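Peer 1: So that we are looking at the same thing, I have put the structure below in structure tokens.
The values are calculated or read from the model by the stated rules, or taken from the named source; none is laboratory data. Keep in mind that what you see is a predicted model, and the values were worked out from it rather than measured. Here the Cβ positions follow ideal geometry from the backbone for every residue, glycine too, while neighbour counts run over all protein chains shown.
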Amino acid sequence: MFCQKCGKENPDNAAFCNSCGADLRSAPVAPIPQPETIISSCSAGKRRKIILYGVIVCIVVVILIAGAISLWNNQDWNSYCSKNYPGSTYNSTTNTCENPAASTIPSPAQIGPHAAPIYQRGDIVSTDNEGGGGTLIEGYNPANDTYVVTWVDQSLDGTWYHGTDPTIYAVDSWDRVDLENKNPYKIGTVDPNNLPSYASSAPLVLTGNGDNITEFGTPQSGAYIFTSTYSGQGNFVVWIKDSNGYEVGLAANTVDASTDSKMVHLDTDTYYAEVTANGPWTLTITPPS
């Protein structure tokens, strides 16, 4: 053992230090570390490192998986946008399909008290570029820098028409700068003198052979009649889905050659007729009267 006072080495059974005479009987004897203790300490350290590395790996894997899911979702929505709105891409911030090429947003230089009007007689403009309804430019009055406008809607077959309610569709006068700022999209062009009223708009007739998805617009909210004729074999099913892809109504559900008629309430919007069939079919969509 070693003397705690002078540090000299003494026999293990010595009572007093041979160098300084200090009493060695009360001095604690430091235990000699055993190999097992050293190994256990090293193993614990390794285990802590392994756990730390494992946590880091798990975090990295979670981040990669989340990124992959986000990328897949964007690609899936991009496919939806490009298929249903050609030329558009998915904007994850606004959760919409956007087509910059369709925008006619005027530049700041075009907007001002002395700028020429952007829109011409017959242009149909809107707050979005998806169509369905808009403001028809009937003319421009340079005396007070205003547009003469009226509201128009789009028929099921894509043509434009005037409404029949004078309290809603009456001709109005809008400030040019205000209209150009609030209606940045040009969504159509028509002859204002040759627009049918809603009463003369004909039902939309869709035809096909086998599975199909067809887009159509609704001119007004109400109960739409879906009349179907099927000449094929097996199930004939037609689901009506909204612009987000959600089912809003069943327009047909028959087996083998048959005819069917169903009523589905729709709002003024863009919809899709998703047809499951194994043969020729016809679907007539009649708007509310």
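Peer 1: Within the stretch 186-206, can one find any residue that is assigned to a strand (DSSP E or B) and farther than 24 Å from PRO288 by Cβ?
Peer 2: Yes, because at least one residue in the stretch 186-206 is assigned to a strand (DSSP E or B) and farther than 24 Å from PRO288 by Cβ.
Peer 1: Follow-up question, since we're still on this one. With the condition kept exactly as written, say whether any residue in the stretch 215-225 is surrounded by fewer than 15 Cβ atoms within 10 Å (Cβ to Cβ), in a loop (DSSP other than H, G, I, E, B) and touching a His at 6+ places or on another chain (Cβ under 9 Å).
Peer 2: Yes; the residues of the stretch 215-225 include at least one that is surrounded by fewer than 15 Cβ atoms within 10 Å (Cβ to Cβ), in a loop (DSSP other than H, G, I, E, B) and touching a His at 6+ places or on another chain (Cβ under 9 Å).
Peer 1: Among the listed residues ALA257, ALA251, identify the single one that is within 32 Å of the chain's Cα centre (by Cα) and either on the phi > 0 side of the Ramachandran plot or modelled with pLDDT of 90 or more (or both).
Peer 2: The unique qualifying residue is ALA251.
Peer 1: Of the residues THR284, THR268, which single one is in contact (Cβ under 8 Å) with a residue 60 or more places away in the chain, part of a strand (DSSP E or B) and on the phi < 0 side of the Ramachandran plot?
Peer 2: Result: THR284 is the single residue among THR284, THR268 that is in contact (Cβ under 8 Å) with a residue 60 or more places away in the chain, part of a strand (DSSP E or B) and on the phi < 0 side of the Ramachandran plot.
Peer 1: To continue, here is another question. Given the conditions (1) at pLDDT below 85; (2) part of a helix (DSSP H, G or I); (3) surrounded by 14 or more Cβ atoms within 10 Å (Cβ to Cβ), report the number of the one that ILE168 does not fulfil.
Peer 2: So ILE168 meets the others, but not (3).
Peer 1: Moving to a separate point now. Counting just the residues of the stretch 241-279 that are aliphatic (A, V, I, L, M) and more than 18 Å from ASN212 (Cα to Cα), which one comes out surrounded by the most Cβ atoms within 10 Å (Cβ to Cβ)?
Peer 2: Let us first name the residues in the stretch 241-279 that are aliphatic (A, V, I, L, M), namely 248, 250-252, 255, 257, 263-264, 266, 273, 275, 277.
If we keep only those that are more than 18 Å from ASN212 (Cα to Cα) as well, we get 263-264, 266.
Numbers: MET263: 13, VAL264: 17, LEU266: 21.
Among those that are aliphatic (A, V, I, L, M) and more than 18 Å from ASN212 (Cα to Cα), it is LEU266.
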